[in-house]
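Right, one structure below, let's go through it.
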Amino acid sequence: MPVVHGFDPPERFVAGTVGPPGQRTFFLQARAGNRLVSVALEKQQVQALAERVDELLDEVMATQVGGESVIPALAPLGLEDSDPLEQPIEEEFRAGTMTLSWDPTDERVVIEVFPYTEAAVITPDQLDEDFEEPEPDEVFLVRLPAGPARAFVKRAEQVLEAGRPSCPFCGNPIDPDGHLCVRANGFRRRDP
């Protein structure tokens with residue numbers, strides 16, 4: 001039986017970073033009372049989670065019957081959160097697989113994050129084999145009402161945009177000392 005770090009709903013659920021742009025570590029962090037759980041993950045995982053939460057809420061909003069919608073189209077103003085991650089940040093685990101669903105009984109977005117394990121990695125030559133994913137040791141489970149879920153998406157987008165600027169020519173990130181731009185035949189470009 002895995003250890004479940006459950007929050008239904010959390011008082012705070014955010015994506016945030018530690019470190020300077022280009023060397024940031026991304027975290028999902030949930031708090032309820034004095035309980036604080038931080039899970040490390042990759043930038044692409046934050047981006048995928050935010051996009052999918054937004055899409056899920058849009059899908060639920062579009063399929064609702066009747067005039068009353070429990071899903072806000074945008075993040076409610078009172079739920080915006082721009083505060084830094086809470087201290088101390090003690091990584092519970094590094095995220096691997098994540099699942100996302102909508103629970104219509106209590107109208108909540110359900111996010112499950114499982115730890116990364118080497119045993120769950122499948123190589124291309126193993127695609128045809130029967131694969132049984134190992135039972136996780138822990139799971140980070142967050143159940144969010146629609147308003148806080150939209151606020152999570154908005155903050156995650158802000159966190160993602162706060163990184164290094166993109167090169168207008170090749171799209172790759174520009175470090176403070178510039179980068180070798182493939183579109184400029186190897187000439188070093190600096191942030192405009």
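Bear in mind these aren't lab numbers, they're just calculated from the coordinates by the rules spelled out. Just so it is clear, the model here is predicted, and its values are computed rather than measured. So basically every Cβ, Gly included, is an ideal-geometry build from the backbone, and we count neighbours across all protein chains shown.
Some points to look at:
- The amide H of Arg12, built 1.01 Å from its N in the peptide plane, has Arg31 as neighbours under 5 Å, considering only residues 5 or more places off or on other chains.
- Spacing of the modelled spin labels on Ser166 and Asp106, each 7 Å from Cα toward Cβ, amounts to 3.9 nm.
- Amide H contacts of Arg108: Asp103, each under 5 Å away and 5 or more positions distant or on a separate chain (H built 1.01 Å from N in the peptide plane; Pro and chain starts excluded).
- Neighbour-count order for Met98, Met1, fewest beta carbons within 10 angstrom listed first: Met1, Met98
- Each of Asn34 and Thr117 was given a label point 7 Å from its Cα along the Cα-to-Cβ line. The distance between the two points is 3.3 nm.
- Applied to region 75-90, the Karplus parametrisation 6.51 cos²θ - 1.76 cosθ + 1.60 on θ = phi - 60° returns per-residue 3J(HN,Hα) values of 5, x, 4, x, 9, 4, 9, 10, 6, x, 4, 7, 9, x, 8, 10 Hz, with x for Gly and Pro.
- For region 151-163, the Karplus equation 6.51 cos²θ - 1.76 cosθ + 1.60, evaluated at θ = phi - 60°, returns couplings of 5, 4, 4, 4, 5, 4, 4, 5, 5, 5, 6, 7, x Hz by residue, with Gly and Pro reported as x.
- FRET efficiency for Val18 and Val182, using Cβ-Cβ distance with R0 set to 30 Å, rounded to 0.05: 0.50
- Distances between placed amide hydrogens fall under 5 Å for Tyr116 paired with Arg94, Ala95, Gly96, all partners being 5 or more residues away or on another chain.
- HN-Hα J in Hz across region 41-52 - Karplus 6.51, -1.76, 1.60, θ = phi - 60°, x for Gly and Pro: 7, 8, 4, 5, 5, 4, 4, 5, 5, 4, 4, 5
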